[in-house]
Amino acid sequence: MTEMKARSGNHFRCETPCASLIIIPRQRVLEHLSAGVRLVSAQVMPPPGPSPAPALSNVHARGREKLLAHLAMLLFAALIAGSFSFGGMAAQQLDAGPLTLMRYLTTVAVMGVLTFWIMRVPFALPRAIWRYAVLGGLIAAYMLTMFIALEFTSPVQTGAVFTLMPLISAGFALLFIGQRTRPDVLVALVTAGLGAIWVIFRADVRALLSFDIGRGELIFLAGVIGHAAYVPLLRKLSRGENPVLFGFWIIVFTVPWLVPTGARELVSLEFRALPLSVWATLAYLSIVTTAFTFLLLQYASMRLPEPPRLCRRPQLVRSRVYDKQNDEQIFS
């Protein structure tokens, strides 16, 4: 190994194993060390001062970052597919209001540990609270309508309604951030939407013509519309905050929207009497399909160029939804 020894004056002596002698000016060594420290500091620590403008809102990722964003949404779709099956089992044991509130109270704790303990994000109070209230309200509407819908319909039907989200999101993207969907992408979204509609109306032409849609599907459609608006609004309302901290406060501000529908029943609930399926559902939904998928969606929404393209991955959800009532897995 090369050995560095200090000499008097302004030079370092570098002795190599072959006993050759190299004289390096002290000033040059110090300049290289200083440059290295500055480089590492720039990668690890953000510059002091206020948060920068939300450049990510308009800058799209390329190369490896773009690929990772697409992979994040593929994983998002796979994990979300399980939520319909788990939610369907829990909805048979507990009403939607207390179940959803329990889920998000648990999720706040999980996200708090993830944000401040595991990822060591510095604590900061939210700015412009109305942004978090709007985004939290949309998420609350989506989750509440999902559990209510599962009381009336099957996980397969709710999964089919969910796949309409990309097409609806295209309209919201144009409305909120002025983003137009490319013609080829729009054709793909319409085709996928027609397939979802065919499943929603149970492949019955007469039901389609008479708009004989189930009560559960109609309820969940309202929630899906809210979720479709959430994606472009997330980009529009971001002001350069740390994405993990931003996500934590959105989940915190989701809880107040759920209190009116679930607090009273939750207080009087006998937790010991709850079956294991409810606790398993809470664990899966709180840790996997809320905290983890929230970070996946947050990561991808800041990097993919089109909210419709971002939301296109949920079309894969329909192919992996398990219907416990009919004991079958539906492949599209």
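The values are calculated or read from the model by the stated rules, or taken from the named source; none is laboratory data. What you see is a predicted model, and the numbers here were worked out from it, not measured in a lab. We place every Cβ from the backbone using ideal geometry, glycine too, and count neighbours over all the protein chains shown.
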- Query: Within region 127-138, can one find any residue that is out of contact with any Asp or Glu (no Cβ under 9 Å at 6 or more places or on another chain) and free of Cβ contacts under 8 Å to residues at least 12 places away in the same chain?
  - Reply: yes
- Message: Return the pair list, or none, for Cβ contacts closer than 6 Å from residues in region 253-280 that are closer than 19 Å to residue 92 by Cα to residues that are in a loop (DSSP other than H, G, I, E, B), at least 6 apart or on different chains.
- Response: 275/93; 278/93; 278/94
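Quick one: would you say residue 231 is under 16 Å from residue 298 (Cα atoms) and either crowded, with 21+ Cβ neighbours inside 10 Å or of a type in the set (A, V, I, L, M) (or both)?
Values: under 16 Å from residue 298 (Cα atoms): yes; either crowded, with 21+ Cβ neighbours inside 10 Å or of a type in the set (A, V, I, L, M) (or both): yes.
Spelling it out, residue 231 is indeed under 16 Å from residue 298 (Cα atoms) and either crowded, with 21+ Cβ neighbours inside 10 Å or of a type in the set (A, V, I, L, M) (or both).
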- Could you grab the pairs with beta carbons closer than 6 Å, sequence gap of 6+ or different chains, first residue in region 153-181 and closer than 28 Å to residue 87 by Cα, second one among the charged types (D, E, K, R) and assigned to a helix (DSSP H, G or I)? 153/217; 157/217; 159/318; 160/318; 161/217; 163/318
- residue 103 vs. criteria charged (D, E, K, R), within 21 Å of the chain's Cα centre (by Cα), assigned by TED's automatic domain parsing to the domain that holds residue 253 and more than 22 Å from residue 229 (Cβ to Cβ): no
- Task: Working carefully through the options 153, 107, find the one that is under 22 Å from residue 283 (Cβ atoms) and out of contact with any Leu (no Cβ under 7 Å at 6 or more places or on another chain).
- Result: 107
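Looking only at region 226-270, filter to residues that are of a type in the set (D, E, K, R) and not in a helix (DSSP H, G or I); which one of those is farthest from residue 133 (Cα to Cα)?
The residue in question is 270.
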- Task: Give the residues of region 193-225 that are surrounded by fewer than 20 Cβ atoms within 10 Å (Cβ to Cβ), small (Gly, Ala, Ser) and closer than 15 Å to residue 163 by Cα, sorted by residue number.
- Result: 193, 195, 222
- If you go through region 250-263 one residue at a time, do you hit one that is assigned by TED's automatic domain parsing to the domain that holds residue 126, at pLDDT below 90 and of a type outside the set (S, T, N, Q)? no
